[in-house]
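Q: One structure, as structure tokens, below. Some questions next.
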Amino acid sequence: MKAPDNSPMVSVVMITFNQQHCIDSAIAGVINQRTSFPVELIVANDASTDDTLAHILRWQQSYPDRIRIIDHKTNVGFRANYLSAVRQASGRYMCMCDADDYWIDSLKLSRQVEYMEAHPECAITFHRVVNLYEPSGKKTLSNGGQAVDTDITHLSRSNYITNLSVMYRRMLVPPEQLPDWIAETGLPDYAYHMLYAAHGTIHYFNKPMGLYRQSASGEWSLNGERHRLNMALDVRRHLIGYFGPDHAATPGLTNASADILIALMELARRSGDNEEYRRLTADLRLLLPDITDSEISQRIDRRVALISSTGGSSLKNALRKSWHRITRLLPTPKPCK
């Protein structure tokens, strides 16, 4: 397989800030991919104050034709940093791998490209990942029960694509055609997934081919539940406006937004913030004009019941804790060699 005009077949986008402790694993997982086609790695460093840049430069010295560096002299923030790297990509396909994650299968790119070359209707492929919870060492696998072939109507209901696993058919969404709001949303990965999914099908590989670190120092973990829900709501509002009322994705996005508003209302009720509860109720009625007070209460009560039942029985809790202890003893997958 060859890319046209001697350009890379795959561009890999990696953003980083102060990640000297983990970036070598991320780069190794990309460099050690076994492919019959050229791969470029674009590393965007957001003015790190530790030795992250020095680590990147050492890799580039060894692989000058495969690694390109974007080195911001002042901190631009992860959204702008992300966009700066995406706009430099030139491959037929584009993948993401943040510096605190890494790939554990050397044939990851080959498998995804092979499928997408054979299926021109496919806009996105993704795969299962190992979730590593730090510092406990607990491990889980993503995407239990995941359907193999889906489309934007499924993705509009919930985001089931881990960013480090994704491969896009890059030019379906040219950088110059990206909506302006993508530089502002707190969840650009889901926005990208949806923009690409509007142009084709989505295919899933059940094989775990990457490791996703989830730690207390991560962007997601630092924010409280209310802020996380508001970020999720914000990106869906942008997508609803972008696609318009008649798009196939809009009903799923609308229902997902309503569920997020219900979750925020439950938090407001729990904290006794009546003014916030009234504001969220008004937002929900704009989204679902026909919803009644009774239906709102029922949905909130169902959410409370779901949260309460998450722990399950004492036997299930004991089994879950036992399994988590076992996973801590299992070896953590290494970057592919």
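Q: For segment 252-337, list the helices (runs of 4 or more DSSP H) that sit wholly inside it and hold at least 1 residues that are modelled with pLDDT of 95 or more and open to solvent by 40 Å² or more (accessible area, probe 1.4 Å); which are they?
A: Passing ranges, in order: 274-287.
Q: Can you name the residue in segment 53-73 that is in contact (Cβ under 8 Å) with a residue 24 or more places away in the chain and more than 21 Å from Ala89 (Cβ to Cβ) and is also nearest to the chain's Cα centre (by Cα) among such residues?
A: His55
Q: Filter segment 152-192 for residues that are part of a loop (DSSP other than H, G, I, E, B), touching a residue at least 60 places away in the same chain (Cβ under 8 Å) and either open to solvent by 40 Å² or more (accessible area, probe 1.4 Å) or on the phi > 0 side of the Ramachandran plot (or both) and give the result.
A: Arg157, Ser158, Glu184, listed by residue number.
Q: Moving to a separate point now. Among the residues of segment 193-227, how many are assigned to a helix (DSSP H, G or I) and at pLDDT 90 or above?
A: Matching residues across segment 193-227 total 5.
Q: Name the residues in segment 130-151 that are part of a strand (DSSP E or B), of a type outside the set (Lys, Arg) and open to solvent by less than 50 Å² (accessible area, probe 1.4 Å), would you?
A: Hits for segment 130-151 are Val130, Asn131, Leu132, Thr140, Thr150.
Q: Taking segment 87-98 on its own, how many of its residues are at pLDDT 95 or above and within 16 Å of the chain's Cα centre (by Cα)?
A: Residues flagged as at pLDDT 95 or above and within 16 Å of the chain's Cα centre (by Cα) within segment 87-98 amount to 4.
Q: Could you please find all residues in segment 57-114 being farther than 28 Å from Lys207 by Cα and small (Gly, Ala, Ser)?
A: Hits for segment 57-114 are Ser62, Gly77, Ala80, Ser84.
Q: At pLDDT 95 or above, assigned to a helix (DSSP H, G or I) and open to solvent by 20 Å² or more (accessible area, probe 1.4 Å): does that describe Asp234?
A: So Asp234 passes the test.
Q: Let me ask you something else. Taking Tyr242 and the conditions (1) in contact with a strand residue (DSSP E or B) (Cβ under 8 Å, 6 or more places away or on another chain); (2) open to solvent by 80 Å² or more (accessible area, probe 1.4 Å); (3) aromatic (Phe, Trp, Tyr), which numbered condition does it fall short on, given that it satisfies the others?
A: Tyr242 satisfies all of (1) in contact with a strand residue (DSSP E or B) (Cβ under 8 Å, 6 or more places away or on another chain); (2) open to solvent by 80 Å² or more (accessible area, probe 1.4 Å); (3) aromatic (Phe, Trp, Tyr) except (1).
The values are calculated or read from the model by the stated rules, or taken from the named source; none is laboratory data. Just so we're clear, the structure is a prediction, and the values are computed from it rather than from any experiment. Glycine also receives a Cβ, built like all others from the backbone with ideal geometry; neighbour counts cover every protein chain displayed. Just the protein is used for accessible areas: all its heavy atoms, side chains included, with ligands, DNA and RNA removed. Shrake-Rupley method; radii C 1.70, N 1.55, O 1.52, S 1.80 Å.
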